[in-house]
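Before any comments, here is the structure.
Derivation of every value follows stated rules applied to the coordinates shown; laboratory data play no part. This structure is a prediction, so every number in the text was calculated from the model and none was measured. Methodologically, a virtual Cβ is constructed for each residue, glycine included, from the backbone with ideal geometry; neighbour enumeration extends over all protein chains shown.
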Amino acid sequence: MPQRSLSNEELATKIDTSDEWIVARTGISNRHIAADGELTSDLAYNAAVDALASAGLAATELDLIVLATATPDETFPATATKVQARLGVAGIPAFDVQAVCSGFIYALAVADNFIKAGQARNVLVIGAETFSRILDWEDRTTCVLFGDGAGAVVLRAEDTIEGAGCEQRGIMSTHLHADGRHHDMLYVDGGPSSTGTAGFLRMRGREVFRHAVGNLTSVVIEALEANNMEPEAIDWLVPHQANQRIIDHTAKKLKLPAEKIVLTVGEHGNTSAASVPLALNEAVSDGRIKQGHVILMEAMGGGFTWGAVLARW
Ligand code: ACO
């Protein structure tokens, strides 16, 4: 996370909002904002270094870098190539995936398929965003919702897996969807080919909310059915941290108890593609997620895009 944090109270000194309104509607109390000159690639690089250390892998052992972002440093090249250069691993493929808030789920699916196709063994997957740069800070209906951050994981092919009960450790299945008909509900009103500017995020919140609950519920069911599992088999739901009410509604539809849900939105706000890996990092770091646990990650974002990944840690 960037160091600078921005509380609801501080926001309320700048725009017509209140801590009570934001907490009641979203569960968000705080978010982090990148400093001037601090770029998506800086956040991504820091997360990458941490993930490699945690995996006990040298950057030189990587075969591929996939970075999910909707807020790249520049229109091109891919932010993944900047991270690659800083890691000192020239030569391996590195590219960005653009699926907004579902970006990390999409990137995990891409990485998993590279591994399953035998084209990579060690893949760095990053979700990194500086949404503060595409927010209209005078639009209280959107600017209170988002924050900056980055998270990363290392996926590694293993031929045999040690440990009882962990035969299927790793990603069990991935499920991706998109529906471009809903572009106008959540988009950025600029871009290199349209306005020549970066633009600002625009959203029809109520409609997004409704679609999010429906799509996330159905993709979680799809992931469970693909693996012949019941919701009780999930040890941890690691949802996209957009809004606590979306998470609560989805969990209720799936009859998942609150104790099985990793919630970080209160402290981070919606960090788009960084949100799932940030939540994952928190629950792994504090010891909640343990080896062998079944975790279900899901996300939904602009496009619309949505998806889920079922994995055994
Ligand atoms: N502070 C105070 N009042 C506000 C604020 C604010 N920050 N924002 C809006 N309001 C006011 C509105 O102006 C409106 O006032 P009015 O009744 O006088 O017209 C009132 O609050 C209600 O506005 P609604 O938009 O109807 O509020 P709603 O209950 O729908 O909550 C919210 C808005 C939180 C955006 C909700 O629709 C939502 O969570 N949608 C999901 C959006 C989301 O999470 N998107 C993230 C990207 S997509 C994803 O990641 C899944």
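Mind checking which residues of the range 89-142 are touching an Asp or Glu at 6+ places or on another chain (Cβ under 6 Å) and among the small types (G, A, S)?
Of everything in the range 89-142, those that are touching an Asp or Glu at 6+ places or on another chain (Cβ under 6 Å) and among the small types (G, A, S) turn out to be A120, S132.
Return the total of residues in the range 32-47 being more than 14 Å from L278 (Cβ to Cβ), in a helix (DSSP H, G or I) and among the aliphatic types (A, V, I, L, M).
The number of residues fulfilling the criteria is 0.
Can you tell me which residue in the range 24-33 is farthest from the ligand (Cβ to nearest atom), limited to those that are more than 19 Å from E138 (Cβ to Cβ) and either touching a residue at least 24 places away in the same chain (Cβ under 8 Å) or not aliphatic (A, V, I, L, M) (or both)?
H32
Of the residues that make up the range 261-269, is at least one touching a residue at least 60 places away in the same chain (Cβ under 8 Å), under 19 Å from A109 (Cα atoms) and within 16 Å of the ligand (Cβ to nearest atom)?
No: zero hits.
Among the residues of the range 201-232, how many are buried (at least 20 other Cβ atoms within 10 Å of the Cβ) and not in a helix (DSSP H, G or I)?
Of the residues in the range 201-232, 1 are buried (at least 20 other Cβ atoms within 10 Å of the Cβ) and not in a helix (DSSP H, G or I).
Is one or more of the residues making up the range 41-58 away from the ligand (no atom under 15 Å from the Cβ), crowded, with 18+ Cβ neighbours inside 10 Å, of a type outside the set (S, T, N, Q) and over 16 Å from the mean Cα position of the chain (by Cα)?
yes
Show the residue pairs meeting these rules: Cβ distance below 6 Å; 6+ apart or different chains; first residue within the range 37-58 and farther than 22 Å from E74 by Cα; second residue part of a helix (DSSP H, G or I).
Note: pairs meeting the criteria are L52/A59.
For residues that are out of contact with any helix residue (DSSP H, G or I) (no Cβ under 7 Å at 6 or more places or on another chain) and touching a residue at least 12 places away in the same chain (Cβ under 8 Å), scanning just the range 276-287, find the one that is farthest from the ligand (Cβ to nearest atom).
Once the filter is applied, the top-ranked residue is V284.
Can you pull out the residues in the range 136-158 that are surrounded by fewer than 19 Cβ atoms within 10 Å (Cβ to Cβ), in contact (Cβ under 8 Å) with a residue 60 or more places away in the chain and assigned to a loop (DSSP other than H, G, I, E, B)?
D136, W137, E138, D139
For the list (1) more than 22 Å from A24 (Cα to Cα); (2) assigned to a loop (DSSP other than H, G, I, E, B), I need the number of the one condition that L256 fails.
The one condition L256 does not meet is (1).
Out of the residues in the range 1-23 that are hydrophobic (A, V, I, L, M, F, W, C) and away from the ligand (no atom under 13 Å from the Cβ), which is surrounded by the most Cβ atoms within 10 Å (Cβ to Cβ)?
M1
Check whether at least one residue in the range 266-287 is under 20 Å from G170 (Cβ atoms), among the β-branched types (V, I, T) and not in a helix (DSSP H, G or I), and report yes or no.
No, every residue in the range 266-287 fails to be under 20 Å from G170 (Cβ atoms), among the β-branched types (V, I, T) and not in a helix (DSSP H, G or I).
If you go through the range 48-80 one residue at a time, how many are within 20 Å of S272 (Cα to Cα) and either part of a helix (DSSP H, G or I) or touching a Lys or Arg at 6+ places or on another chain (Cβ under 7 Å) (or both)?
7
Of these, G56, G91, G27, which one is touching a Leu at 6+ places or on another chain (Cβ under 9 Å) and at positive phi?
After ruling out the rest, the residue left standing is G27.
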